[in-house]
Structure formats: structure tokens, C-alpha cells
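Enquirer: Supplied in C-alpha cells, the structure appears directly below.
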Amino acid sequence: QVQLVESGGGLVQSGGSLRLSCTATGIIFSGSTVGWYRQAPGKQRELVAEITGVGRINYADSVKGRFVISRDNAKRTVYLQMNSLKPEDTAVYYCNLQRANYYWGQGTQVTVSS
């Protein structure tokens, strides 16, 4: 059974930083594309950042220069370092793994106060 377990969300002031982590079990991690999506109230889920099995990285324009995605295959974990956070970054953040299918974590709330 595939499980993606996220941690690291919370409440932070505008301009602050948070680091999200997501650990995968039950599936081959190395070689899979992993990433982060977010969904704000009343909005569609959107891609934040993803990193392929060979290390190619894609960021949403809204987070370029502020967020950094990385992975540790030995720990089966993907990270999202979020800096210079803005109130518009407030959302539930979901970990995603792509390997034949899409797999999702349970989501972690990130709230940025102004």
C-alpha cells in the first residue's frame, strides 16, 4: 500500500519560512517524479513544484525564487523549503508521487498571516 506522509505545515507570518517534508512507503521512490501541489479555499489544486527521477525541476511562476524543492532518495523523502512566504501562499499543501499512477498525501495546512 502506497503511503505519502507529510509534515512541516503550520502558521507563519508574512516573510517567514517553512519546510515541508514528505516520506513515501510502499512504492519505488527513486526514479519517480515527486512534488508538491496546493489548494486554497475556493480554488483548484495547482502545481507548486516537482522534481523528476533524474533531477529536473519545475516551479510554478508564483513561487520561483522563493521555494526550493529537493529530494533524498535514501530517505525516500521530498522537501519543500518555502521562504519569503506571502499570505497568498496560504493553502493545503499536498505531496504527490507519479509512477504509472498519481499518489497523494493527506495534505498539510500552511497559513501565512499578514
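The values are calculated or read from the model by the stated rules, or taken from the named source; none is laboratory data. All values derive from a computational prediction rather than experimental measurement. All Cβ positions, glycine included, derive from the backbone under ideal geometry; neighbour counts span all protein chains shown. Protein only, heavy atoms only, side chains kept; ligands, DNA and RNA dropped before computing areas. Shrake-Rupley method; radii C 1.70, N 1.55, O 1.52, S 1.80 Å.
Enquirer: If a residue has to be at pLDDT below 95 and surrounded by fewer than 12 Cβ atoms within 10 Å (Cβ to Cβ) to count, how many in the stretch 1-16 make the cut?
Expert: Number satisfying all stated conditions: 1.
Enquirer: Here's another thing I want to ask about it. Of the residues that sit in the stretch 57-114 and are polar (S, T, N, Q), within 28 Å of residue 26 (Cβ to Cβ) and assigned to a loop (DSSP other than H, G, I, E, B), which one is least open to solvent (accessible area, probe 1.4 Å)?
Expert: Taking the candidates together, the pick is 73.
Enquirer: Exactly one condition in (1) β-branched (Val, Ile, Thr); (2) touching a residue at least 40 places away in the same chain (Cβ under 8 Å); (3) open to solvent by less than 70 Å² (accessible area, probe 1.4 Å) is false for residue 28; which is it?
Expert: (3)
Enquirer: Here are some conditions: (1) open to solvent by 50 Å² or more (accessible area, probe 1.4 Å); (2) over 19 Å from residue 112 (Cα atoms). Residue 19 meets all but one. Which one does it not meet?
Expert: Condition not satisfied by residue 19: (2).
Enquirer: Further question on the same structure: Among the residues of the stretch 31-56, write down those that are surrounded by 15 or more Cβ atoms within 10 Å (Cβ to Cβ), part of a loop (DSSP other than H, G, I, E, B) and without any contact (Cβ under 8 Å) to a residue 60 or more places away in the chain.
Expert: Of everything in the stretch 31-56, those that are surrounded by 15 or more Cβ atoms within 10 Å (Cβ to Cβ), part of a loop (DSSP other than H, G, I, E, B) and without any contact (Cβ under 8 Å) to a residue 60 or more places away in the chain turn out to be 45, 52, 53.
Enquirer: Sort through 66, 45, 38, 56 and tell me the only one that's among the basic types (Lys, Arg) and under 17 Å from residue 4 (Cα atoms).
Expert: Criteria check complete, one pass: 38.
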